[in-house]
Structure formats: C-alpha cells, structure tokens
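The values are calculated or read from the model by the stated rules, or taken from the named source; none is laboratory data. Predicted model, so just to flag it, every value in this text is computed and none were measured. For neighbour counting, all protein chains shown are included, and Cβ atoms are generated from backbone atoms with ideal geometry for every residue, glycine included.
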C-alpha cells in the first residue's frame, strides 16, 4: 500500500486487530521512507443486489441511504447507536440472503419497516407514513392500530401511540 503522506510505494503492517463485531480488521501501518503511521481498515466486499426503483430505474445499493433512512426515522428517539447499526446490518444481511441480483425498492422498505417495528414504534410510524404515503389522519390511525395489534407483548415498554380516549372518538 502506498503511503498517503509521501507516496512511497510500500508500507509495513506493525499491528492488526479485529473489530468487536468481527467484521473489520484494523491495521496500523508505518512508512519506512518518512516514518509516518496511519490506520487502514479491511472489510469483506460482498456484492449486494441492485435496487429497482418504482419508476424502473436501477441503482447500486447505497448503505449510506439506508443508514440515513434509519437515522431520520429515529431522530430524537431513545435508541442506542449500536441498535441502529445492528438494524442496518440486519437489512443488509436480508438483502444478501435474498440471492437476487435485483430487488425492488419496495422490498428494501419492507425490511426497514420490520427492523424499525422492533426498535421503536414512533420511528416505525414515521417511516411508514412516508413509505406508504399516508394521505390523512385515518391512515395514521389504521397503521397505529395495526401496530398495536401486532405487538401486544411490547405494551408498557413505550407510551401508547394513541391516548385512551382517542379510540372512543372515532
């Protein structure tokens, strides 16, 4: 590897460590010409399916877009960064395990919604409102009621999405 400081053609590895999750190797390198030290990170490069948009366009999968979607939905929610990373990895793993060369963007959205449902009900509804293009309050209400039916075991872990009196006002 070339030295990023002096462009010398070779550097030597002086230390290697595996990351906590085992997915990355950090290598500490030193340039014999200028003596500068720097880190490199090694990860497995696996081919993920292309994403087919609703208008038919095809795009390479972009992990940054996926992470941004999670971060927007979870903005100002009490979800640890480690849990968000785990959810991102779960979606990527789901895409990889599909074995497909191309997947519709709708499938990616469904995987994201499944992970958000596990992480945080409010974030799930936020994402669903954009993803499913809710057009009125009734669409929100129906999604919240579906969420409450699907997740009875989570009662008490988060505040109710609807106030107790809201159901009676329907």
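Would you check if residue 85 is in the same structural domain as residue 132 (by TED's automatic domain parsing) and surrounded by 11 or more Cβ atoms within 10 Å (Cβ to Cβ)? Yes; evaluated as a whole, the condition is true for this residue. Restrict the check to segment 128-135 and report whether at least one residue is without any contact (Cβ under 8 Å) to a residue 40 or more places away in the chain, farther than 23 Å from residue 62 by Cα and either out of contact with any strand residue (DSSP E or B) (no Cβ under 6 Å at 6 or more places or on another chain) or not in a helix (DSSP H, G or I) (or both). Yes, the conditions are met somewhere in segment 128-135. Among the residues of segment 104-117, the one identified as modelled with pLDDT under 90 and either touching a strand residue (DSSP E or B) at 6+ places or on another chain (Cβ under 8 Å) or farther than 27 Å from residue 58 by Cβ (or both) is 117. Counting residues in segment 96-103 that are surrounded by 13 or more Cβ atoms within 10 Å (Cβ to Cβ), modelled with pLDDT of 90 or more, in contact with a helix residue (DSSP H, G or I) (Cβ under 8 Å, 6 or more places away or on another chain) and assigned to a helix (DSSP H, G or I) gives zero. Counting the residues of segment 104-115 that are in contact (Cβ under 8 Å) with a residue 40 or more places away in the chain, under 17 Å from residue 126 (Cα atoms) and surrounded by fewer than 17 Cβ atoms within 10 Å (Cβ to Cβ) gives 1.
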